[in-house]
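What follows is a short report on a single structure.
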Amino acid sequence: MNKRKAIISIVLCLTTLAVKAQQKLSITYDGRMFTDIMLYGADGKAHPARAMISTAVESCVIDSAFYHSTLKGKDKGKKDYVGGEFGKVIDVTKTTLDSLSFDGREYRGVTAIIAPLIDKKPYDVAIGASILDGQTWLIDMKDSLMTRIEQPAKGQIATIDCLRGNKKAGQSYLMYIPLKVQGKSFDCLFHTGANGIAITKKIAGQPWIAEVFEGSDGGYFHYNARHQYRLPNAKVKVPYTKWEITETVKYVPMLNYNCVGNILFHGHTYVLDYRKNRILIY
């Protein structure tokens with residue numbers, strides 16, 4: 001009887017841990033993911049923060065106003081710079097956080113960039129790919145859940161083999177998805193902070209719609225305006241798979257790289273496998 005109680009206790013404990021490992025998300029209509037985390041500042045206290053999950057930034061990014069006012073942080077880190085998505089170099093401070101609590105575990109000694117985030121931002125922190133790397137993540141777009149798992153389940157309807165970023169360019173954590181847009185090939189940075197699909201080269205012979213867009217560069221630094229073009233109902237296909245969607249694609253002349261967000265997996269569950277550089281769609 002005692003043995004049975006012990007087994008039940010272990011099962012309940014494992015179940016509790018599994019529930020804690022689930023990270024509840026808030027997913028926007030265009031696939032961007034936000035969640036609540038805890039940061040530990042210079043005062044040693046836990047501070048709640050709103051975070052965006054971003055697979056397109058190497059380190060975590062913390063809004064400078066939030067860092068100084070809430071975390072009581074000082075500019076003790078070294079000066080560095082980060083290239084904005086449109087080539088503008090922005091001076092920032094790179095520092096190391098004591099700890100960050102996310103997905104039911106505590107990450108210690110987290111490298112973070114202190115920088116001014118966009119105006120009227122819905123978040124204070126961007127969780128970068130350095131936190132996600134080396135692990136396997138189940139992302140449920142329907143129930144808005146993110147779970148760290150050991151092995152992906154079988155039965156996927158498509159498997160995307162991704163490319164890793166160039167280490168020499170400081171992009172070892174980033175992953176790229178090969179796409180074909182209207183039959184043309186593009187290697188697109190997988191950017192969960194992006195609000196769709198954007199490319200840096202206009203496809204000839206297509207009915208592009210010109211527009212001026214004001215806002216941010218896809219989730220980080222603020223700029224005044226940009227000229228871009230829209231191609232509605234573009235055929236977007238992952239080569240060597242049967243995965244194809246019809247979606248609006250943007251051509252942004254100022255953009256430094258092609259990118260694709262969660263819009264590619266709208267309504268599905270997918271596994272982001274950093275261990276084997278692949279994405280499995282269910």
Which whole-Hz couplings ³J(HN,Hα) result when phi for each residue of the range 45-54 is put into the Karplus expression 6.51 cos²θ - 1.76 cosθ + 1.60, θ = phi - 60°, listed in order with x for Gly and Pro? 9, 7, 10, x, 8, 8, 10, 9, 7, 10
List every residue whose amide H lies under 5 Å from the amide H of T248, counting only residues 5 or more places away in sequence or on a different chain, with H placed 1.01 Å from N in the peptide plane. N233, A234
The answer for T192, listing residues at least 5 apart or on another chain whose modeled amide H is closer than 5 Å to its amide H, is T55, A56
Which entries of K142/K250; K24/K276; K142/K242; K201/K276; K168/K276; K45/K168 show an alpha-carbon separation above 32 angstrom in the structure shown? K45/K168
Read phi for every residue in the range 260-269 and hand back ³J(HN,Hα) as whole Hz from Karplus 6.51 cos²θ - 1.76 cosθ + 1.60, θ = phi - 60°, with x for Gly and Pro. 9, x, 5, 4, 5, 10, 3, x, 10, 9
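Since every read-out is calculated from the coordinates, none of them should be taken as a lab result. Just so you know, these numbers come straight off a predicted model, no measurement behind them.
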